[in-house]
Amino acid sequence: MSERDPKRLILDAALSTFVALGFEQATTGHIRARAGVSNGALFHHFPTKDAIAEALYLRGIASYQEGLLRALERHRRGGAARATIGAAVRHHLAWVEANRDLAWFMYERG
């Protein structure tokens with residue numbers, strides 16, 4: 001997705017809106033305004049606020065799992081359980097640090 005991709009703009013705006021207002025208080029109007037997209041663009045990609053939240057959650061899970069897989073792959077051939085577990089823990093901590101808002105959202109919605 002490019003930076004100007006409406007879907008990405010909506011998801012990024014949704015995350016910042018959910019963090020600022022909380023999921024329950026946030027509306028699709030808040031998200032639409034923050035994303036700078038039309039009503040039609042928002043509802044073309046996401047029919048409801050819950051659909052936006054689901055897509056955002058799935059984006060977070062995919063990002064987390066891709067990084068975890070890379071971390072585990074680097075230690076797969078060595079076979080040392082301690083090193084593999086350490087890699088998984090380091091990945092988790094680094095991912096949460098790099099994606100604080102998304103990690104918060106996923107924890108809250110999980």
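How large are Rg and Dmax for the stretch 14-67 when calculated on the C-alpha trace, in angstrom?
Just the Cα atoms of the stretch 14-67 yield Rg and Dmax of 11.6, 34 Å.
Quick check: pseudo-label points 7 Å beyond the Cα along Cα→Cβ at residue 19 and residue 93, how many nm apart are they?
Reported label-point gap for residue 19 and residue 93 is 2.2 nm.
Taking each pair of different alpha-carbon atoms in the chain once, compute 1/r for the pair, average those values, and report the inverse of that mean as the Kirkwood hydrodynamic radius in Å to one decimal. Let's see the in-between values first.
Working: mean 1/r = 0.0657 Å⁻¹.
After inverting the pairwise mean of 1/r, the radius is 15.2 Å.
Once the Cα atoms of helix 81-98 and of the chain are each reduced to a long axis, what angle between those two axes, in degrees from 0 to 90 to the nearest 10, is obtained?
Around 20 degrees separate the two axes.
In nm, what is the difference between 0.36 nm times the number of residues separating residue 70 and residue 38 and their Cα-Cα distance? Please list the in-between numbers first.
Working: separation 32, 0.36 × 32 = 11.52 nm, distance 3.78 nm.
Taking 0.36 nm per residue and subtracting the Cα distance, the gain is 7.7 nm.
Give me the angle, in degrees from 0 to 90, between the Cα long axis of helix 6-21 and the longest principal axis of the Cα atoms of the chain, rounded to the nearest 10.
90
I'd like to check one number: the per residue accessible area of the stretch 14-66, probe 1.4 Å, reported in Å² as a whole number.
On the way: 2800 Å² over 53 residues.
Ligands and nucleic acids excluded, the result is 53 Å² per residue.
Work out, in µm²/s and without decimals, the Stokes-Einstein translational diffusion coefficient of the stretch 39-83 at 20 °C, 1.002 mPa s, Rh from Kirkwood over C-alpha pairs. Don't skip to the answer; put the middle values down first.
Details: Rh = 13.0 Å.
It diffuses with D of about 165 µm²/s by this estimate.
Suppose the chain between residue 57 and residue 8 were pulled fully straight at 0.36 nm per residue; how much longer would it get relative to their current alpha carbon spacing? Display every interim value, and only then the final one.
Numbers: separation 49, 0.36 × 49 = 17.64 nm, distance 1.32 nm.
Length gained between residue 57 and residue 8: 16.3 nm.
Would you mind calculating the gained length between residue 82 and residue 27 on full extension (0.36 nm times residue separation, minus the Cα-Cα distance), in nm to one decimal?
Values: separation 55, 0.36 × 55 = 19.80 nm, distance 4.53 nm.
Taking 0.36 nm per residue and subtracting the Cα distance, the gain is 15.3 nm.
When the accessible area of the chain is split by element with a 1.4 Å probe, what percent falls to carbon and sulfur? Walk me through the numbers on the way to the answer.
Values: 3830 of 7050 Å².
About 54 percent, which is the carbon plus sulfur part of the accessible surface.
The values are calculated or read from the model by the stated rules, or taken from the named source; none is laboratory data. The shown structure was predicted, so the numbers you read here are calculated from the model rather than taken from an experiment. When we count neighbours, we look across all protein chains shown, and the Cβ atoms used for this are built from the backbone with ideal geometry, even at glycine. For accessibility, only protein heavy atoms count, side chains too; no ligands or nucleic acids. Shrake-Rupley method; radii C 1.70, N 1.55, O 1.52, S 1.80 Å.
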